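Encoded as structure tokens, the structure appears first; notes follow it.
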Amino acid sequence: MTHNPLMSRERVIVPPRKPPTKAEKIAAWNRDRSLAHILRMIEYDTNGGCWLWRGELIGARYGRTDLLGRGIWTLAHRLSWRVFFGDIAEGLVICHRCDVPQCCNPAHLFAGTMKENMADMRRKGRDRPVRGTAVSNAKLSEVDVGEIVAGLRAGARNVDLGRRYGVTKEAISAIKRGINWRHLTGGAVQ
Ligand SMILES: [Zn+2]
């Protein structure tokens, strides 16, 4: 009698399924599903053509999403860039021509270095505080701090970064020297 594994009463030991690693999750990233997700989550602004993110916002500005429930958090406009134009080269920031942070319209986005981003803002005369009065203890989001660090590395001046994020140049200096936000920056910005 041939052995039929389906009839076997032996228990097959299946190793417990490990949760996917972050790299595996990123590899499973699916462009079409992400596009459908973005289109479901945005509201079209008939005034300027912006695609306004209706989901969670970071610092009341940037849309935040996880890659279709895979537990990898990203900024909505960066996800949109990836869907339409492909991967974002390391060190590049995705900026808004329309000056609407929560906008995900790929036609309103451009990729540049933080240095180019700052120069662009100066050219457009947008280097005014984005919120409130510049005070040293104004609330910065972790995303802000990440962008500030990128800006410092690209050689942006404390005063320009302070204006952009609505804090004093001393507050930027404290981040640069590793006094504030050390848990995010790991110390002085090199
Ligand atoms: Zn826009």
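The values are calculated or read from the model by the stated rules, or taken from the named source; none is laboratory data. Everything numeric here is computed off the predicted structure, so don't read it as measured data. No Cβ is skipped: glycine too gets one built from the backbone with ideal geometry, and neighbour counts run over all protein chains shown.
The residue pairs whose first member lies in the range 95-122 and is farther than 21 Å from Arg40 by Cα and of a type in the set (Gly, Ala, Ser), whose second member is outside any helix (DSSP H, G or I) and at pLDDT 85 or above, and whose beta carbons are closer than 6 Å, counting only pairs six or more residues apart or on different chains, are Ala111/Leu92; Ala111/Ile94; Gly112/Cys95. Against the list (1) over 17 Å from Trp29 (Cβ atoms); (2) in contact with a helix residue (DSSP H, G or I) (Cβ under 6 Å, 6 or more places away or on another chain); (3) not aliphatic (A, V, I, L, M), the condition Phe84 fails is (1).
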